[in-house]
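Beneath this line is the structure, given in structure tokens, with notes to follow.
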Amino acid sequence: MSDWFHTLDFSIYKSVLFAPHPQWLNTFMLFVTRPENFFLAIGVAAVFLWVRYGTRGRFLVVSCLVGITISDPLASRVLKELFHRIRPCHEIDPSRLLTGCANSFSFPSSHAVNIFSEATIVSLVYPAAAPFSYLFAGMVGYSRVYIGVHYPFDVLGGAMIGIGIGAVIVWLLKRCPPFRGLR
């Protein structure tokens, strides 16, 4: 079963990586995959939510901060070390990659864990934002396979872990003062 799973995962990975890619899409995927490209926008949004949307806005900002504080080290330092899955970019010709291949392990995708945790938090606090949150999370997750640094199931597993983390954080924080009773 595990050989079948790896073969399927690697086959999907290669079909994404070796498909013809227009330069504009390569540029877009490299932009989307880099969290630092969004720090300014996230900071402005956090201040805006904190000031404009009262308790609900502050709850979202606090939840997202707790989410990233938990999800990133859990994925990067605990789960990757537990699973020891080698990145797919170590098994192919590096000239196919749009970026370098990290030496860290592959499962789960930390990007997917982090962004799906945040998308879940945003979606649970502001349900109308769910389609946009998950669309963006999906783009980030897909970009990890597209640029060649993760298997599809690394991203899918990371997404499921992130969704769970985000849901638990919202559930727990809604039980803490000053957010108790927040709907």
Ascending count of other beta-carbon atoms within 10 Å, so fewest first, for LEU30, LEU124:
LEU30, LEU124
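Among TRP24, TRP50, what is the fewest-to-most ranking by other Cβ atoms within 10 Å?
TRP24, TRP50
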Please rank SER76, SER71, SER133, fewest neighbouring Cβ atoms within 10 Å first, as an exposure proxy.
SER76, SER133, SER71
Going by a ≥ b ≥ c, the root eigenvalues of the Cα gyration tensor, does segment 28-71 fall in the rounded group (a/c under 1.5), the prolate group (a/b larger than b/c) or the oblate group?
oblate
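Which of the helices in the chain, when you take each full DSSP H run, stretch at least 18 Å along the axis at their Cα atoms and have an average Kyte-Doolittle score of 1.6 or higher?
39-52, 152-173
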If you average the sequence gap of Cα pairs under 8 Å that are 6 or more apart and divide by the length of segment 22-173, what percent do you get for the contact order?
29
Placing each pseudo-label 7 Å from Cα in the direction of the beta carbon, LEU65 and ILE86 end up separated by a distance in nanometres of 4.2
Nothing charged except the Cβ atoms of Lys and Arg (+1) and of Asp and Glu (-1): what's the magnitude of the dipole of the chain about its Cα centre? Round to the nearest 20 debye.
800
In nm, to one decimal, how far is the LYS14 label point from the ASP72 one, both placed 7 Å along Cα→Cβ?
3.6
How long are the three semi-axes of the equivalent ellipsoid for the chain, computed from the Cα gyration tensor as the root of 5 times each eigenvalue, in whole Å, largest first?
32, 18, 13
What number, rounded to the nearest 500 deg cm²/dmol, is the helix-based mean residue ellipticity at 222 nm of the chain, given -39500 (n - 2.57) per DSSP H run of at least four residues and division by all its residues?
-21500 deg cm²/dmol
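Every number here is computed from the coordinates shown, using simple stated rules; none is lab data. Keep in mind that this is a model prediction, so the values were computed, not measured. Neighbour counts are summed over all protein chains in view; Cβ atoms, including those assigned to glycine, are modelled from backbone coordinates with ideal geometry.
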